1. Report the net charge of residues surrounding HIS177, where surrounding means a beta-carbon distance below 13 angstrom and charges are Lys +1, Arg +1, Asp -1, Glu -1.
2. By its C-alpha gyration tensor, with a ≥ b ≥ c as the square roots of the eigenvalues, how is the stretch 168-228 shaped: rounded for a/c under 1.5, else prolate for a/b larger than b/c, else oblate?
3. What percent does the relative contact order of the chain come to when contacts are Cα pairs within less than 8 Å and at least six residues apart?
4. Listed here are the pairs LYS37/LYS94; LYS45/LYS170; LYS47/LYS221; LYS37/LYS112; which of them are more than 31 Å apart at the Cα?
5. For n ≥ 4 DSSP H runs only, could you compute -39500 (n - 2.57) per run for the chain, divide by its residues and tell me the 222 nm figure to the nearest 500?
6. Restricting the count to DSSP beta bridges whose residues both fall in the chain, what percent are antiparallel, rounded to a multiple of 5?
7. Take every DSSP beta bridge whose two residues both sit in the stretch 103-208, then give the antiparallel share in percent to the nearest 5.
8. Which residue, LYS221, LYS112, LYS188, has the most motion in a Gaussian network model of the chain that connects Cα atoms within less than 10 Å?
Amino acid sequence: MSQMKNRVKSVFTNSPSLTKFYRLISKKAFLKKAFSKKISGRGNKLKIKSSVLLIDCKIEILGNNNLINIDETCFFNHVTFFIKGNNNIINISKNVAFNRGGELWIEDRFCKINIDENTSFENVHIAVTEPYSQISIGKDCMFAYDIDLRTGDSHSIIDTNTNHRINYAKNIEIGDHVWVAAHVTILKGVRLMKNSIVATRSLVSGIFEEEGIIVGGVPAKKLKGNITWCRERI
């Protein structure tokens, strides 16, 4: 029976339109609202391929010349897209899935969120909060739930000796095939290389240049090297 089910699923998921139909059936989403939309400003664009399935999502844009671009066969369940500012981009490559909720949040100008293909999320908050900063997530990554990524602190820290701000935003870069476990916070300036794992309840605040490692702790540090991972239990 399981082999037959897998064959049927394979047939449906080899076509963008059939993939959407398969998800509509499996998620019992035929009668659910796709998304609500509130857009204020000029030159804002939504480019969402017809095979994308959205369930009870919210899209809010306040500003000018912003773009949300979503490629084939993506899935979003109870996700909020929020942009406040000008000339910002949210770019989602094909077959990305937000299965249980989440937020894609941009505040300011010339910010970007980029998520590459075949990456999955359960419930994740992704926030780019200062100008010219971005979050980039690679291919075939796997994020669990209660995860927070943010490029900035949203408020200013001032050095009283110089009267200058000392906590400007920094980019976040997640490589291909990275697994982030539940209850993780990823702060500004973080870089994780491909084939890595972030252990549950970690606070990641540094740069890790080595591929195929497990990091964990508060703050996170390298725990083990020479590893990779797969979604299946083998």
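The values are calculated or read from the model by the stated rules, or taken from the named source; none is laboratory data. Note that the structure is a prediction, hence the values are computed from the model and not measured. Ideal geometry is used to build each Cβ from the backbone, glycine not excepted, and the neighbour counts take in all protein chains shown. We work out accessible area using only protein heavy atoms, side chains counted, and drop any ligands, DNA or RNA first. Shrake-Rupley method; radii C 1.70, N 1.55, O 1.52, S 1.80 Å.
1. -2
2. Numbers: a/c = 1.69, a/b = 1.25, b/c = 1.35.
Taking the square roots of the gyration eigenvalues as a ≥ b ≥ c, the stretch 168-228 is oblate.
3. On the way: 679 pairs, mean separation 22.0, N = 234.
Result for the chain is 9 percent.
4. Beyond 31 Å between Cα atoms: LYS47/LYS221.
5. Values: 2 runs with 23 residues, N = 234.
When only DSSP H runs of four or more count, the value is -3000 deg cm²/dmol.
6. Around 10 percent of the beta bridges assigned by DSSP in the chain are antiparallel ones.
7. Working: 2 of 32 bridges.
Taking every DSSP beta bridge with both residues in the stretch 103-208, the antiparallel ones total about 5 percent.
8. Ranking LYS221, LYS112, LYS188 by mean-square fluctuation puts LYS221 first.
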